[in-house]
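The values are calculated or read from the model by the stated rules, or taken from the named source; none is laboratory data. Here the structure is a predicted model, which is why all the values come from computation and not from measurement. Every residue, glycine among them, receives a Cβ derived from its backbone with ideal geometry; neighbour counts consider all protein chains shown.
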Amino acid sequence: MVDTLLKTFNLGRDACSIFDAGIGKFDVAVVCHEVRSVNTQPGETICMTLADAEHRVAGEDFISLKSVGIAKSLQPESVLVIKIWAMLDTPPLSKHAERRPLGEVRIPFKHLAESSNCMLYYTWVNLESAGLNDSVAHLGYGGAFSNSSEAFMQNIMSGPRQLYQPKACVSMCRSELAESDRILWTVDLPRKERINRWGPLLRSQQQHAIMCAAQHLEGRPSNGSDVLQRLLHLRVRDSNVFDAVIFEPLLP
């Protein structure tokens, strides 16, 4: 439903400046707003690192939750790896502090160009075990799929339904579109810019509506099989999610 709607409004590859001729490398601003369903110990701080899946470097910067991090020198075909850590330190975070990985997600920019105008806005993504994809790829199984658009779409679709799966809420856009303390949207955005950024907001609205419905079903007294059946039916309800959503404030 969402993908069809975005194509109708031409909010896809043609609207994304990442694929402009001669763009070359670019920087991306990323914020991790929240992390859920991970095990942390007293004194640990949750943070993230950003890396290109094909060109990882040692000494990555650790970025606190709700802070803007910059992934530099990416290319249109890059796959960004967001890794979530638990660190025994407080901001400003030290690269030498004791830490352990909590999970990671891979985001292919080719998919974002085709579906979300190269942006994410408060989007929930499930976290896989850190290093699992690299280990599987090394054995010759599933490496290409883990970096594919299909894998990322499955992640976005399952994120709001799998309430107890470790997950992170992230926003992302080209670095020149992000302010120092915010990302994507400001109150004084011109109308044209609001329209260009409508797709990611629509996707976020869908996710949160589904998550609220899943949490409501989880809280209702019923047997386990009934809850599972209801959660499975949420996919059918996707096409009706937007009937109660009003976007006039975004598109004056």
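Observations
- Unique residue being closer than 21 Å to ARG203 by Cβ and of a type in the set (Gly, Ala, Ser) when the list is SER115, SER64: SER115
- The set of residues from the range 40-69 being more than 18 Å from TYR122 (Cβ to Cβ), without any contact (Cβ under 8 Å) to a residue 40 or more places away in the chain and not in a strand (DSSP E or B) comprises PRO42, GLU54, HIS55, ARG56, VAL57, ALA58, GLY59, GLU60, ASP61, PHE62.
- Meets criteria (at pLDDT 85 or above and more than 12 Å from the chain's Cα centre (by Cα)) for ARG99: yes
- Listed by first and then second residue, the pairs linking a residue in the range 70-99 that is in contact (Cβ under 8 Å) with a residue 24 or more places away in the chain and over 21 Å from SER171 (Cβ atoms) to a residue that is assigned to a loop (DSSP other than H, G, I, E, B) and among the hydroxyl-bearing types (Ser, Thr, Tyr), with Cβ atoms under 6 Å apart and 6 or more places separating them unless they lie on different chains, are ALA86/THR40.
- Considering the range 102-159, the residues that are in a loop (DSSP other than H, G, I, E, B) and hydrophobic (A, V, I, L, M, F, W, C) include one that is modelled with the highest pLDDT, namely LEU127.
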